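Quick notes on the structure that follows.
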Amino acid sequence: MSNFDKEHIWHPYTSMANPLPVFEVESAEGVYINLKDGTRLIDGMSSWWAVIHGYNNKELNKAAKLQIDKMSHVMFGGLTHEPAIELAKKLIDITPSNLQKVFYSDSGSVAVEVAVKMAVQYWQSKQKPSKNKLLTVKSGYHGDTFKAMSVCDPTNGMHHIFTGSMPVNYFAEQPKLRFNEQWNDNDILSLKEILETEHNNIAAVIIEPIVQGAGGMWFYSVEYLNELRVLCNEYNILLIFDEIATGFGRTGELFATNHTNIQPDIMCLGKAITGGYMSFAATLTTNNVANVISDGEAGVFMHGPTFMGNPLACAVANKSIEILLSYDWKLRIKQIETQLYNELIDLKNNSNINDVRVLGAIGVVEMKEPVNMAILQQKFVDLGVWIRPFGKLIYLMPQYIIKPYELSKLTMAIKEVV
Ligand SMILES: *Cc1c(COP(=O)(O)O)cnc(C)c1O
């Protein structure tokens with residue numbers, strides 16, 4: 001491979017002076033990533049939660065081609081179009097019933113910025129401008145733009161590097177009780193204490209429901225969220241669910257919210273929304289939040305990205321949701337979950353391994369020590385799989401179309417390298 005990439009192109013969270021190796025991809029189809037040197041890799045990452053129906057999916061390709069022959073993009077200021085309308089109908093239909101207003105943007109981080117701006121503008125409109133900070137829990141991940149970064153885990157996110165440039169928010173302890181573990185009020189005590197003293201300064205709680213993704217791949221208790229809703233009501237705080245990673249079936253429910261019996265005031269969607277075809281996101285909220293913002297000083301919601309409502313992305317998103325709802329996705333995720341569990345669980349006895357956990361189509365092997373990413377990555381490629389660990393975590397989030405023998409290749413590769 002040419003050195004051009006190495007010398008000129010930044011990759012995610014990578015040193016430009018001393019970059020980790022990258023593998024050049026020629027094409028991808030179904031669950032296979034084809035490298036330029038002819039190696040075929042089974043994809044265990046869904047390209048970061050996004051690709052759920054396979055690469056180079058015939059139906060998604062067709063939806064994109066049909067739309068591109070009509071128009072790839074028009075501005076959304078003063079104009080609208082069928083793909084955006086259809087998508088909003090679908091999103092309103094499948095998300096919690098109180099969410100009735102849709103704001104489109106171009107990436108997950110921006111969807112988070114939009115959610116936060118909604119919350120801040122809401123309280124500004126209610127003549128409570130001091131309610132402008134966020135409360136979240138440790139080990140979260142919400143994106144890389146400044147406001148989103150400010151609610152990512154302060155240690156993982158190296159907040160000290162950005163002191164002075166970054167808004168300061170409130171951090172409660174990470175929920176410790178596991179998904180399905182017996183509830184105990186102590187789990188939410190730290191968050192409750194912050195609310196008690198600081199609620200006049202807090203616009204919203206932002207949290208990834210059930211699954212903390214890039215901040216630690218942790219699955220926590222449903223009851224935490226039920227209690228959180230009660231506290232937010234009690235202290236007049238909006239509740240933002242960041243479902244950018246968990247949305248569209250990944251955790252075994254269509255949205256992680258559906259594990260609970262509550263509804264958030266604002267919800268962020270991204271990643272799998274276009275089946276992993278292109279960058280696109282949406283922020284949904286209630287009639288109440290939208291009305292209060294519109295009644296405020298500005299009279300409008302102060303946001304409007306250039307590529308807002310991009311028709312091409314909307315058309316592919318529509319098709320992706322259609323495909324997902326066209327088969328028994330819930331059973332499929334259950335099958336993946338069962339297989340991941342059966343094939344990974346005995347790793348718990350391995351002395352290098354701290355924990356093994358599985359929820360929906362997510363399997364996590366937590367090592368006792370951080371892994372050497374460069375070495376492991378090469379080993380996985382040698383074994384014909386694409387698995388990208390970080391920190392102490394080796395994890396799988398396969399595409400929903402993966403076949404049992406392909407999934408076994410992924411779990412066997414993990415067993416082999418640990
Ligand atoms: C990936 C992610 C984001 C950021 O999305 P981008 O499209 O990368 O900007 C935000 N929140 C969560 C939970 C995510 O997993």
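Listing for the model above:
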| read-out | value |
| --- | --- |
| Nearest-10 value in Å² for the accessible area of residue 92, using the 1.4 Å probe | 40 |
| Of 255, 280, 301, the one that fluctuates the most in a GNM where the chain has Cα springs shorter than 10 Å | 301 |
| Extent along principal axes [Cα atoms of the chain; Å; largest to smallest] | 61, 55, 47 |
| Members of 147/176; 36/271; 192/348; 126/192; 89/271; 62/90 lying beyond 28 Å, as alpha-carbon distances in this model show | 192/348 |
| Amide H contacts under 5 Å for residue 242, placed H, 5+ residues apart | 207, 208, 268 |
| Solvent-accessible ranking of 158, 367, largest area first, probe 1.4 Å | 158, 367 |
| Helix-derived mean residue ellipticity, 222 nm - over the chain, DSSP H n ≥ 4, -39500 (n - 2.57), to 500 | -10500 deg cm²/dmol |
| The chain, accessible area per residue, ligands and nucleic acids excluded (1.4 Å, Å²) | 44 |
| Most mobile listed residue (275, 213, 77) in the chain, GNM with C-alpha springs under 10 Å | 77 |
| Distant alpha-carbon pairs in the stretch 19-160 (separation over 17 angstrom), percent | 77 |
| Whole-Hz couplings from phi, Karplus 6.51/-1.76/1.60, listed for the stretch 270-275; x for Gly and Pro | x, 6, 6, 4, 9, x |
| Antiparallel %, DSSP beta bridges [both residues in the stretch 211-324], to 5 | 65 |
| In the stretch 20-114, GluC sites (Glu not before Pro) in a DSSP loop with at most 13 other beta-carbon atoms within 10 Å | 24 |
| Amide H partners (placed H, <5 Å) of residue 145, local residues excluded | none |
| Cα centroid separation - the stretch 30-86 against the stretch 356-388, whole Å | 26 |
| Note, ³J(HN,Hα) from phi for the stretch 351-361, Karplus 6.51, -1.76, 1.60, rounded to Hz, x at Gly and Pro | 5, 8, 10, 8, 7, 10, 9, 9, 8, x, 8 |
| HN-Hα J in Hz across the stretch 392-408 - Karplus 6.51, -1.76, 1.60, θ = phi - 60°, x for Gly and Pro | 8, 9, 10, 9, 10, 9, x, 5, 5, 8, 5, 8, x, 6, 6, 5, 4 |
| Loop-located trypsin sites (Lys or Arg not before Pro) in the stretch 33-70 whose Cβ has at most 16 other Cβ within 10 Å (DSSP) | 36 |
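The values are calculated or read from the model by the stated rules, or taken from the named source; none is laboratory data. The model shown is predicted, which means the values in this text are computed figures rather than measured ones. For neighbour counting, all protein chains shown are included, and Cβ atoms are generated from backbone atoms with ideal geometry for every residue, glycine included. Ligands, DNA and RNA are excluded from the accessible area calculation, which covers all protein heavy atoms including side chains. Shrake-Rupley method; radii C 1.70, N 1.55, O 1.52, S 1.80 Å.
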